[in-house]
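Visitor: Let me begin by handing over the structure; questions about it come next.
What follows is calculated from the coordinates using simple rules that are stated; it is not laboratory data. This is a predicted model, so every value here is computed, not measured. Every residue, glycine as well, gets a Cβ built from its backbone with ideal geometry; the counts of neighbours run over all protein chains shown.
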């Protein structure tokens, strides 16, 4: 996102574009969600990890039932709104959140 924002934007455009991409994306999203739930007791903030993990898992299950074309249209609208500079502006927050999550695991 920081170094190649146009690539990040094009990747966002592909969300839900085919059945394979749609269901692979949703399923892969469930892996860290389950990990957050299962390993929450090993973190400094177990309640937050569980809550965030369950939020990700439930929203992933919901996405299984959202029509693929609706998901794809939504991702395209978001890609149109999010210009490459926006990806660069929000990428430090992704990095910071990732570091906080890693540091929170004991």
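Visitor: Along the Cα→Cβ direction, 7 angstrom out, place labels at residue 17 and residue 101. What is the inter-label distance in nm?
Guide: The two pseudo-label positions are separated by 2.4 nm.
Visitor: Moving on to the next point. Once you compute Rg and the Kirkwood Rh from C-alpha atoms, what is the Rg to Rh ratio for the range 1-49?
Guide: 1.16
Visitor: Once a ≥ b ≥ c are taken as the square roots of the eigenvalues of the Cα gyration tensor of the range 49-105, is the result rounded (a/c under 1.5), prolate (a/b larger than b/c) or oblate (a/b not larger than b/c)?
Guide: Verdict is oblate for the range 49-105.
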